[in-house]
Every structure is written in structure tokens, then in C-alpha cells.
Amino acid sequence: MTALTPSPTATTLVDGPGWTAVCPLGALAPERGAAALVTGSDGEELQVALFRLLDGTVCAVQQLDPYSGANVMSRGIVGTRGGTPTVASPVYKQVFELHTGRCLDAAGKEPRAGLAGDLASYPVVVSGGVVHVGIG
Amino acid sequence: MNETQGTPPSTRPDPRHVVVVGGGMVAQRFVEALRARDDAGAWRVTVFAEEPRKPYDRVGLTRYFEVRDAEELTLGDPALWDDPLVDLHRDCAVASIDRAAQTVTDRLGRVHAYDELVLATGSSAAMPPIDGNDLPGVFVYRTIDDVAALRGWVESKREAGRVETRGGVVERPVRGAVVGGGLLGLEAAGALKALGAQATVIQFGTHLMDVQIDLGGGHALKRLINDKGISVRTDTATKAIRPHRRTGHVGRMDFADGGRLDVDVVVMATGVRPRDELARAAGLEVGERGGAVVDLTCRTADAHVWAIGEVACIEGRCLGLVAPGNTMAEVVADRLLGGEATFPGADTATKLKLSGVDVASFGDAHGRTEKSVEIVWADPLRGVYSKLVMADDARTLLGGVFVGDAGPYASLRPMLGAELPGDPSAFLLPEGAVGAPTLELPDDANVCSCNNVSAGTIRGAVTEHDCTDVAGVKACTRAGTTCGACLPLVTKLTKTELAKAGVEVSNALCEHFELSRAQLFDAVRVADLHTFSEIIARFGRVPDGASDAGRGCDICKPTVASILASLGNGHILAGEQATLQDTNDHMLANMQKDGTYSVVPRMPGGEVTPEGLIVVGQVAKDFGLYTKITGGQRIDMFGARVEQLPEIWRRLVDAGFESGHAYGKSLRTVKSCVGSTWCRYGVQDSVGMAVELELRYRGLRSPHKLKLGVSGCARECAEARGKDVGVIATDQGWNVYVGGNGGQTPKHAQLLAENLSSAELLRTVDRFLMLYIRTADRLQRTAPWVEEYEGGLEAIRQVVIEDSLGIGADLDAAMAQHVEGYEDEWKAVLDDPEKLARFGSFVNAPTTPDPALAYVPERGQKRPATADEVASGTADPDLVSALTSPVLVAGPTLEVRA
Ligand SMILES: Cc1cc2nc3c(=O)[nH]c(=O)nc-3n(C[C@H](O)[C@H](O)[C@H](O)COP(=O)(O)OP(=O)(O)OC[C@H]3O[C@@H](n4cnc5c(N)ncnc54)[C@H](O)[C@@H]3O)c2cc1C
Ligand code: SF4
Ligand code: FES
């Protein structure tokens, strides 16, 4: 699942179920993350980390850092590895691909028991200046 | 020979079967070595372990008292035991061996066939034949179960000794004794102390550690041990242990000389006996003092039976150390794979693992070699005793003993059997007296004793196996992968070899910059750049086929942020700079393990008014923060959530506090003693100087954190010589020391200049710090920087004091710019709505606390709940004591009232 860029059909898409409007694009600073609370389809509250890249795309991955168990991914440093946008965990410095959530560098650590080593990633659509996440 | 060599995988025959009896440290190493090298899958391994757990780090057994978690003692990569070719049977001792049938029978009566059998049954703790050695309260010290039982006993005795009186609770101390004053006995005595018991070491011989060290060393050691609060009785034989009249537990020890000692617990540490019972029963030869006799290939007289580790009697003796055992494991693994390895002889170097007591010995420590000469350096005042044993040529090193300061041990031990360059006594003198000569290690010098890796092997890793960094050399040779004591040497050898091989030692910061931090600093300064985008566009590395260098990473971004801050580019959260900061600098607070932050207001020189203390206390109370005094003489408040930080700082700033920069790679604190204003010994106003220094350098961004200290006289109560810059008052001014630090590799600061006036002191420190900021590597503290600076401390002295490079004025100006440009980072954030906006917890719910945070009370404050406590919804009642009960895990806003 990768981040979607705004497209003409975006408005109709995000009005349906399965999408949650989170915040205006302007609330996200480029190349920094922000956390958001989103209610999943099962009614559970989910913490999501949103990242706005320089080109205006927004990526969303889980806020839970699987290597520390803390909800902190949005507070990691954004960068690139071989040109691919990444975020580094602020706790133990694992590096994850922002578009897919895949862990590129586990920094020699194992994820906490019961947690996957990669981050879940979620589709994002920016429509009418509002960031929508594909959850809900 | 390895029969499967060259066979294509599809037709590979079934693997052969090697059975290992014993699941200890050496068995672990054997399985690791075999699996690492047996690429063809020629062998499958079955390990029978008597203990109910995976092999663990017995050498680190005493750590169990700290960590209280057997998992922490895990050895190596646990995935080893998931390997389909490896089978581990725990709690499953082997009961007998049938060599004719090539089978073993386990304790459940099951029979297992083997192609090859490896005995790795280790030793058991010896139980001296003393009357009463079976009384409840007598322990040995060999396994996790032993230490767990010992701990339980001491804790229950402590409980029993607690009586309520009208004046409050009185505890009768638990009285412990350790029989045996060797390595193990001293470690056990330290453990008793750590458990809160009294400890007396009973030594039969003339002095402590008599196997390893000589009488002189033994005396020095006794003083050190006494200083730890442990009593020592030497020349004492224990005659009997008597039960307590009422409880029937151990109560008293009777000594041969008529002396007595009342005790509640006794630990026997008188030596070990090889577990050779299986070998004996199978008719294998055992040594005079036990142990399965093997040749230098570790094979017994039976061609299919091998013995390794403590149970093996090799070259006529059993070896009670892990390093030779590991070597034997490697030899047998190699042999099974068709190799020709033989046991190269034992390295019996030892180092005592008792914190604060430095003892090490190697080689012929007793000077038993004929015509050997001994060079002794003793400083009873400092509690130091060191000795080198040299051959009669006075150059060849035969052995050594170090008590009180084992500093020279790491570099001298590998020189065993080699000629020392220059005067041997130079190696023993205290650091700084004369520079010890640098050592060129011979190829056969053993650098890593844990893994038996020689200097030649490390060099070979670079020259033949194309390793290009220390990590590669570690992976290739295993050097430095166990206790880590040899890492400085491994690094040095690797670097020297790389340089010799003409390999360009890459100082590249990361994939985005070819430059080192120091080069980048100069580049940014000279090119006068002010943003990351400009810098990466100008100096970034563009990979082949890409159009730009990308957007940096968690290594280069904070580095550039620090460089920009050192060069004075305004607030660290201004504009694009905000995107470069790691979370600590971004939130101006220190992230803790649960994602909350700790807050540290500055208290220059450790000085704080009563009003200030009240504000700090009130803030901590109002926001439910855990408080702790730091080592840098100020107060740390933990558990602040992102969205609380501005409110907390509003209160602190209003009360006159400012950021303590505990979060930054920058000046932390200037620790001081009370000095001449109050102290009757003080010769200068150390607090005044500390405050002046702290206000001067506050907010100064640097390659790593900076700590300073100021003492008011030579008694050094501020421990200034453990700091990056230490200032010590003299009756004529100030002495300044540089390059000290605590932490993992503690180092004393070295004298840079003496008897400076206050103005001279400031200028000297200004220049020293600026030079460091400009030329150090990323995350390089001052100690390694001084060491690696071309020409060392002397060259730095010339630059700083004599201005040999002519950059003095430039450094002065840079520092002046910093001092003038300083503003409190927190105040600036509070005054700027845009910067404040980033302190929301969620973009769509900025004041909602992270719902996953959970706390439990402990000692009257809160602490993060563990994963288990969260899962069960309750805290472990043992941990939380009687604070509140039943204790539930509280959410993000637990309030604790004592
Ligand atoms: C507190 C302490 C501190 C130490 N400190 C150091 C140190 O600083 N440096 C150092 O070099 N060494 C140290 N040692 C010694 C080191 O731990 C040993 O040399 C090392 O563990 C030997 O390994 P091994 O595999 O031969 O034996 P062990 O680790 O003892 O393993 C043997 C295993 O075999 C099992 N076993 C026995 N018989 C059978 C059977 N019939 N069937 C199945 N299993 C069986 C035993 O239960 C045991 O688990 C220390 C030891 C202790 C106790
Ligand atoms: S270092 Fe000297 S001046 Fe400072 S407290 Fe100690 S004795 Fe007093
Ligand atoms: S000496 Fe212990 S790891 Fe090298």
C-alpha cells in the first residue's frame, strides 16, 4: 500500500466508509511527523503516525514502535535511504520505509515479543486540503 | 575427512550425529562453531543438558543478583536452538554411555545412538569434607539455581531478623561467610554484600587469590577488599559448621585455631571437581586429579569420544576458565569437519569481576620460571600493587600481577612471551608519569582471550579477508564479541592495518555525505551555508543514476543541526532546522523508554535557592512527575507527556529557571564542590567559578555531551578529573585538566595547564572547547578526541596555550559569538505560537494523553508499568510493596501519594 497523491476521483473515494479525515494538510510540517488518533472499523482506537514529505505527499504508518513498545514513530527523523523516504525510530534507531512500513535496518535488535518487525502502513489521500487516512 | 564435501545437495547423505553431554558454556560454543562452519549440513547435533535451561553465561552468574532474570544471562544468538540440525534436551541428564554400541542412555531410560560423542559436563563445586557442610544455609555457587536459592535464603533471613521496636524497625544484619578466598570466593563475598549481608572471607592459604597473585599483591588486595566492607581471615582452616540451637540452620563456624564466627549463611567456594563420573563409568582414563584425559585434539583414547571444557584433562590438568574451554570446542568442531586443529595451550590470564576491585594476573605471576626477574611497583597509599615477571634478559615478558589498577593489563597481556620495547618499569608507573611506550604486538600475541584471537588473525582479517572496519573484523574473527575488554586493542590493530594496506579509512558520515563531521564543519563554515538543503545540495553524495543526494537521515541530520548550532544559526527549532533535530532536541526534553520525556531545569554549579527547590517540587507534584537527583547536581523530572511540556516550562520559566540542555549534545553541567566560601580547606571560590563557566557555555552545541567540574582544592570533592574539563583550585589560581569522562570507559582528565588566573582559565577552556567542536568526529567525546588528535595532548596544548596554529583569535571570536548569542531555548519556544504548536499529542486531539501509557507506584513515586504488568492489568505486588493494594496499573495520570 503506498500513499496516494490527490487525484480527481479522490473526493468521491474519501467520502465513503473506510476513510477518516484527520487534519488539514497545513497542520503537518514538511519532513516531520505527527501522531493522530483514528477509530478503526472494529471501533478500536488506533494511533497513526503521519509524515508530510517535501513534495506534499503524506504517508501513514503505525505510531507504535515495535522495537521499544512506545507510541513514538511520529517523533522520528525523516530522511531517505537510497532515495526512498524513511523514518528512524527515536528510541533505538531502526529505519523504516515510509511508504510500506518495511524495516530496512533493525539496528541489531529484535522487535518486542508479539510485535511484527515491520510497521503497518495505511493509504492516505489529501482531498480538498484535508488529509484522509484509509482507516475507519 | 568430511565425507559430504563436494556432494551436490540433492544426493547429500543423511547427516551424521554428534551427541553432546552437558549444556554449559563450552557446549554452547561447540554447537555454535559447528553450525557456523558446517555449511554442507554434514552433522546434526543433540545436546543433553542436566540443567532445566538453555546454556547461559556462567561467568556472568553474579549479575543474576542485579538483573534477577535468567534470560539476561542468555549466551549468543538464541536462534541457534531453533536450527533444524540442532536438538536441545533440557533437564535431561545422560545416565550412562555404551561405547561399544555407540549409544547414550538419558535419565528417562531412552537410548540415543551417536556417531561421535562430546563430553562437556563441566565441573561441580567442591564441597570440603567439613562437619556440618550439609546444614540448611550452606550453599555452593555454580548454577543459576544455586544463586537463586542463596538469594532466597538471605532474603528470608533478613526478614526473620527484622524486629519492630518502639523506636521503629530494627534489622539484625544477616551474617555471611565465604569459605575460599579465590576468584570465586571474592565474587561470592561481593554478592553477599550486594544482597545486604555482612561477608567474611575465610582463606586457608596465606593470602587472597593465592593461585593467581603473589603475597605482595595479596596484601594490597586485602586492603581493597576490606575497603569494600568485607572482612578477611587468612591462614584459617574451618574445622566444623555448627547448627543453630533453635532453628537447626547454620549457626556458627569453628576454626582450627580455636576462633569462631556466628553465621546465618555460608558459601563454599573452595574449588571445583570435574564431572567425570560418566567417563569413569565408561572405562575412559581419568587424570590424577580427575577429568577425562584427552590428547591435544581433545580426543579420548576412544576415537569417537571427545571431551571439552572443564571436564577435559588436557596436558595433564583440568582448566577452570572459559577461554581454554572455548578453544577446545573450536578444535573439536574443526576436527569433525575434517580439519587439523590442535589445542594451542591454555591462556590462564584472569581478571576479578568485583566492582571497584581491580585485580588481574597473567602468565607466570609467581615468578616460578628459573632466573626470572621481578619488577614491582607498589603505592600503598593508592592501594596499587603491580608486578611484571621478566626473563633473565630483563626484556621478555613472562607474566604480571595487577592489583588496584589493572589498566596496563589489557595491553601487556598480549605481549606474554614477547620482548617489551624499552624499560619494563615504564609500563607500571602511574598514568601520566611518563608516557608508556607504544607496543607493536607480535602476530602470535593473544589479543582476545575470550575467543582466543591473536593479533595476527586480526591483521589477517584485514589483509586476507578484506574486512574494512571493526565490525567486519569482529564478525570475521569473533574478537571482542564476548566480554569486550579487548575492543580498544582490536580497534587499534584494525585501523593500523587498514592504514598500512593503503585502504582508505572511510570517515564518511553516512550514505549522504562522504565527508567526516570535522570536514563538514569546516566546509559549512567556509562556504558560509545556513540550511540543510543548501548543505546537502552542495556537499551531499549523489549516488550513481540518482539526480540528487536525497534528504539525509538520522545520522547526518542531527550532525548538521549540531554544526549549524555551533556556528550560531539562531534557535534550533527555527525553520528547516526543526526537521533536523532528533526527538530530544525537537521536544527540548529527554525521551524515556515509554515515549514520555524528562525535564531538567538548569541549576548552574549545582546551586539552587530554597524558593527554586519549592517551585521544582510543586511542578513535579502538580504534573505527577517522578523526581530524581542527577549525577550532575540538579533535578530530573520524569514522565512528562509531550502536551504537558509547554505548561511545565511556563511554570519553570516564570520562576526564573531556564533549559538545562540535558537533551542536547551540548554542555550539561558544571559540577562543583562548595569551595572556599564555606569549606575550611577551600582555596578558591569553586562554586562561583562553576557558575561562571556554566553560564558561559550553556547551550553550546558540540559533537557529544560536555561535562565540567570545579573543585575548591586538591581534595577534589567535585570529581572534576572525571569530566571533559576539570578545574581544580590551587593557592595560586586554577589547574585545568581535560579529556576525562565516566561512563563505560572511565578516564581521568589530564593536566593541560597550571596556576591560571580566572581570565586565563576562561580563555584556555574557550579555545579547548572550540577546537574540540571543530575537529572531533560525530559522537566522539573529548577523551578519545584528545587521544586521536594528531600529536595528542601536547599538540592541543600548543594550539590552545601557545597558539601554534595562529587560530587562537578565531577560536576566541567564535566563543564570544556563542556567549553573546545565547538565549534560553525554552523561553523562546514559549514566546512563539508556531513553535509551541508542535507540542500537541495528536494532530486531531492535541491535548489527549497517549492512552497506552501506564504506570505503577514504586517507593512513593510512579514508574512505567512493564509489559507484563500492562498485560495482566495488575502490578506485581512484590514490586510495589505495601503502597496501595490491590495495585492496579494506572493510566497516564497516576498520582502517587506517600
Ligand atoms: C560465579 C562464577 C564466575 C566465574 N567467572 C569466570 C571468569 O571470570 N572467567 C572465566 O574464564 N571463567 C569463570 N568461571 C568459570 C566458567 O564459568 C567455566 O570455566 C565454564 O562455564 C566451563 O564451561 P563448561 O561448559 O566446561 O562447564 P559448565 O558451564 O559447568 O557446563 C557443564 C554443564 O553440563 C551439565 N552436566 C553435567 N553432567 C551432565 C550429564 N551427565 N548430562 C547432562 N548434563 C550434564 C551441568 O549441569 C552443566 O550445566 C566462573 C564460574 C563461576 C561459577
Ligand atoms: S575540594 Fe577542597 S574545597 Fe572543595 S569541598 Fe573538598 S575539601 Fe573543600
Ligand atoms: S577478551 Fe573478552 S571479548 Fe575479547
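The values are calculated or read from the model by the stated rules, or taken from the named source; none is laboratory data. Computed from a prediction, not measured in an experiment: that's the story for all the values here. For neighbour counting, all protein chains shown are included, and Cβ atoms are generated from backbone atoms with ideal geometry for every residue, glycine included. Only protein heavy atoms, including side chains, enter the accessible area calculation; ligands, DNA and RNA are left aside. Shrake-Rupley method; radii C 1.70, N 1.55, O 1.52, S 1.80 Å.
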Considering only segment B:443-484, how many residues are among the polar types (S, T, N, Q), outside any helix (DSSP H, G or I) and more than 12 Å from ligand 3 (Cβ to nearest atom)?
1
Answer yes or no as to whether B:E497 is among the charged types (D, E, K, R) and either in contact with a Lys or Arg (Cβ under 6 Å, 6 or more places away or on another chain) or without any contact (Cβ under 8 Å) to a residue 12 or more places away in the chain (or both).
yes
One residue is enough: does segment B:199-209 have a residue meeting the conditions open to solvent by 10 Å² or more (accessible area, probe 1.4 Å) and over 20 Å from B:D257 (Cα atoms)?
no
Can you confirm whether segment B:493-512 contains a residue that is open to solvent by less than 60 Å² (accessible area, probe 1.4 Å) and within 16 Å of ligand 3 (Cβ to nearest atom)?
yes
For segment B:90-163, please list each of the strands (runs of 3 or more DSSP E) lying entirely inside it that holds at least 1 residues being touching a residue at least 24 places away in the same chain (Cβ under 8 Å) and under 30 Å from B:Q198 (Cβ atoms).
B:123-125
If we keep just the residues of segment B:831-851 that are surrounded by 18 or more Cβ atoms within 10 Å (Cβ to Cβ) and more than 10 Å from chain A (Cβ to nearest Cβ), which is nearest to B:L573 (Cα to Cα)?
B:K835
How do the strands (runs of 3 or more DSSP E) wholly within segment B:591-707 filter down when requiring 2 or more residues that are touching an Asp or Glu at 6+ places or on another chain (Cβ under 9 Å) and without any contact (Cβ under 8 Å) to a residue 40 or more places away in the chain: which remain?
B:626-629
Residues (more than 7 Å from chain B (Cβ to nearest Cβ) and open to solvent by 10 Å² or more (accessible area, probe 1.4 Å)) located in segment A:43-53
A:G43, A:E44, A:L46, A:Q47, A:R52, A:L53
Among the residues of segment A:59-79, write down those that are in a strand (DSSP E or B) and either within 11 Å of another protein chain (Cβ to nearest Cβ) or buried (at least 24 other Cβ atoms within 10 Å of the Cβ) (or both).
A:C59, A:A60, A:V61, A:L64, A:N71, A:I77, A:V78, A:G79
Report yes if B:A718 is open to solvent by less than 10 Å² (accessible area, probe 1.4 Å), of a type in the set (G, A, S) and part of a helix (DSSP H, G or I), otherwise no.
no
Residue check for B:P857: more than 14 Å from chain A (Cβ to nearest Cβ), at pLDDT 90 or above and open to solvent by less than 50 Å² (accessible area, probe 1.4 Å)
yes
Does any residue of segment B:399-407 turn out to be more than 16 Å from ligand 1 (Cβ to nearest atom), aromatic (F, W, Y) and over 30 Å from B:L119 (Cα atoms)?
no
Number of positions in segment A:80-135 that are open to solvent by 30 Å² or more (accessible area, probe 1.4 Å), of a type in the set (S, T, Y) and assigned to a loop (DSSP other than H, G, I, E, B)
2
Filter segment B:518-566 down to the residues that are open to solvent by 40 Å² or more (accessible area, probe 1.4 Å), touching a residue at least 12 places away in the same chain (Cβ under 8 Å) and of a type in the set (A, V, I, L, M), then identify the one that is farthest from the other protein chains (Cβ to nearest Cβ).
B:A537
Within segment B:317-358, residues at pLDDT below 85 and assigned to a strand (DSSP E or B) come out as B:T350, B:K351, B:L354, B:V357
